Amino acid sequence: MTSAVETLSVIDAPPVIEVREVTKTFPGTPPATALHPTSLRIGAGDQLAVVGASGSGKSTLLSILGTLDAPTTGAVLVDGMDLAGMREAERSAIRASRISFVFQQFHLMAPLTAIDNVATGLLYTGLSSTQRRERAALALETVGLGHRLQHRPGELSGGEQQRVAIARALVREPAVLFADEPTGALDSTTGEAIIALLTEISDAGTAVVIVTHDGGIANRFGRRIRLKDGRVTDDDRGAAR
């Protein structure tokens, strides 16, 4: 299932994000290629796990898919719009409206309550403070924390803090949620609950792309691709387990 150029397509839905023949090479003597030519389409509600060991290229691919980094060659399209040639302000606006991220570390602000941490995700939307807090409360309800709105991070468990981080990512109603090792700082039982929440989110229509080194977690997703040395070595479209 390996070829010089990996073409990975989801045909069920029009792509929200598409990368075409993207590569990433870092300068040096000699230059280091972190990602070889790869193409991928992500549609609404897709579930995708990107699996690989440290150094396999999965974080590089995530950065390109999430428009955080530009490829060395190839094209990145969001809603059919090619980002090449756009100003950074335009790319940032697209990222803010269509893409959200969740990371292994929660990145919550300790002095703020859960509702106010989530509301920070709407700071630059033009909404009033009241509107931001109303939407933050709804997002926390969605992740099962409607009863913890006024608790600060230090008063929450690790799993609850990650749920706050997910609510903050969801409050802007993104088309795609990227999760980079979201259970890495959690115990297995709590991690399982977070993965179940992420699959529920995709069932509701938000595409979820998770980056993980854990094959067991990847098996919970409807599609898995495996990276090794910057190349896709497997593309599994089997049913999630």
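Bear in mind these aren't lab numbers, they're just calculated from the coordinates by the rules spelled out. Source: prediction; values computed, not measured. Glycine gets a Cβ as well: all are built from the backbone with ideal geometry, and neighbour counts include every protein chain shown.
Summing charges over all other residues whose Cβ lies under 12 Å from the Cβ of residue 33, with Lys and Arg as +1 and Asp and Glu as -1, gives +1.
Taking the Cα of residue 213, stepping 7 Å toward and past its beta carbon, and measuring to each backbone N in region 141-184: which are under 19 Å? What the label zone holds, given the 19 Å backbone N cut-off, is 179-184. Projecting each Cα onto the charge dipole of the chain (Lys/Arg +1, Asp/Glu -1 at the beta carbon, about the Cα centre), which of 15, 25, 53 comes out farthest on the positive side? So the residue furthest toward the plus end is 25. Axis angle, to the nearest 10 degrees, between helix 188-203 and the longest C-alpha principal axis of the chain: 80 degrees. Along the axis of the charge dipole computed for region 135-241 (Cβ charges of +1 for Lys and Arg, -1 for Asp and Glu, origin at the Cα centre), the listed residues 146, 209, 175 are led at the positive end by 175.
Where does the Debye-calculated log10 I(q)/I(0) of region 76-149 sit at q = 0.27 Å⁻¹, using only Cα point scatterers of equal weight, no solvent? Result of the Debye calculation: -1.25. Remark: the residue 107-residue 129 segment gains 5.8 nm on full extension, using 0.36 nm per residue and subtracting the alpha carbon distance.
Kindly express, to the nearest 10 degrees and within the range 0 to 90, the angle between helix 129-142's C-alpha long axis and the longest C-alpha principal axis of the chain. That works out to roughly 70 degrees.
Charging the Cβ of each Asp and Glu at -1 and of each Lys and Arg at +1, and nothing else, the dipole of the chain about its Cα centre rounds to 220 debye. Residues whose amide H falls under 5 Å from that of residue 102, counting only those 5 or more places apart or on a different chain, are 178, 179, 180, with hydrogens built in the peptide plane.
Backbone phi angles across region 68-81, fed through the Karplus curve with coefficients 6.51, -1.76 and 1.60 (θ = phi - 60°), yield HN-Hα couplings of 7, 9, 8, x, 5, 9, x, 10, 10, 10, 10, 6, x, 9 Hz in residue order; Gly and Pro are listed as x.
Between region 46-100 and region 146-220, the alpha-carbon centres lie 20 Å apart. Beta bridges per DSSP, both residues in the chain: antiparallel share near 50 percent.
Backbone amide hydrogens, once placed in the peptide plane, bring residue 17 within less than 5 Å of 42, 79, excluding anything fewer than 5 places away on its chain. Rounded to the nearest 20 debye, the dipole size of region 125-179 about its Cα centre is 140 debye, using +1 on the Cβ of Lys and Arg and -1 on the Cβ of Asp and Glu. Put simply, the convex hull of the Cα atoms in region 32-92 casts, on average, a shadow of 4.9 nm². Given the choices [x] 13.6; [y] 15.0; [z] 12.0, mean projected area of the Cα convex hull in nm² derived from the coordinates of this structure is entry [x]. Taking 0.36 nm per residue of sequence separation and removing the Cα-Cα distance, the residue 185/residue 26 pair yields an extension gain of 54.3 nm. Taking the longest Cα principal axis of the chain as reference, the axis of helix 88-98 is set at about 60 degrees.
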